[in-house]
Amino acid sequence: MNEYYHFLTKKIFFCFLISIMQSLSSVKFPNYYIYRSQKFLSLNNIREVAKIISIKDGQVKGEMEFRPSYVNRKAKGGEPSLFIDFLVIHDRKKGYGTKLLNYAKKCSEQMGCEGNFWLDSSTCFLPQEIPHTFYRKFGMTSDNIKTDKMLDKFILKGKIPTYKDMGDVFMYYPNYNQKKVNIFKKLWNKLFF
């Protein structure tokens, strides 16, 4: 009798295990995870570090350092914003950069920066393929309308700018509507309103 209960318990356990496995087979698991830690540079200089790691091979595919800051934009007044000190992708063109920027948006909300972040899009790491268009496609803008239009043209043509086309650019998220304001209209409003 005892053997029968032992057998029955095993059978129930395996049926339960099989049902869990079948239900999990329809669930799609992510192929990456993001590890976050802190880097202490000095007492007043603490940076957050995020690394995106592939589950398939366990390799670090990209990393980013960021910290809360305050930015004063021309299009909008000063505001709290997350500053991304650097963003490096080791395995490019696979969506890891976009995932890290989405993570930066989430961290910005958690750190009281209301989803705002900014960075210096640099030409020094990949001078023949600068990252400005990638950030522009994500929805970031610069404070210069001409630069944004130039980047939009590169995107429409499917071309990637090089260091010869433009230098380093500060880019901001989210994209505020940047409108040219006529100088005469400004003067008119100041004089009569």
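Is it the case that S121 is modelled with pLDDT of 90 or more, within 16 Å of E65 (Cβ to Cβ) and in contact with a Pro (Cβ under 6 Å, 6 or more places away or on another chain)? So S121 passes the test.
If you filter region 25-40 down to residues that are over 19 Å from A104 (Cβ atoms) and loosely packed, with under 10 Cβ neighbours inside 10 Å, you find that the one that is modelled with the highest pLDDT is F40.
Within region 50-75, the set of residues being farther than 15 Å from Y96 by Cβ, assigned to a strand (DSSP E or B) and open to solvent by less than 50 Å² (accessible area, probe 1.4 Å) comprises E65, F66, S69, V71.
The values are calculated or read from the model by the stated rules, or taken from the named source; none is laboratory data. What you see is a predicted model; the values in this text were computed from it and never measured. Glycine also receives a Cβ, built like all others from the backbone with ideal geometry; neighbour counts cover every protein chain displayed. Just so you know, the surface numbers come from the protein's heavy atoms only, side chains and all, with ligands and any DNA or RNA stripped out. Shrake-Rupley method; radii C 1.70, N 1.55, O 1.52, S 1.80 Å.
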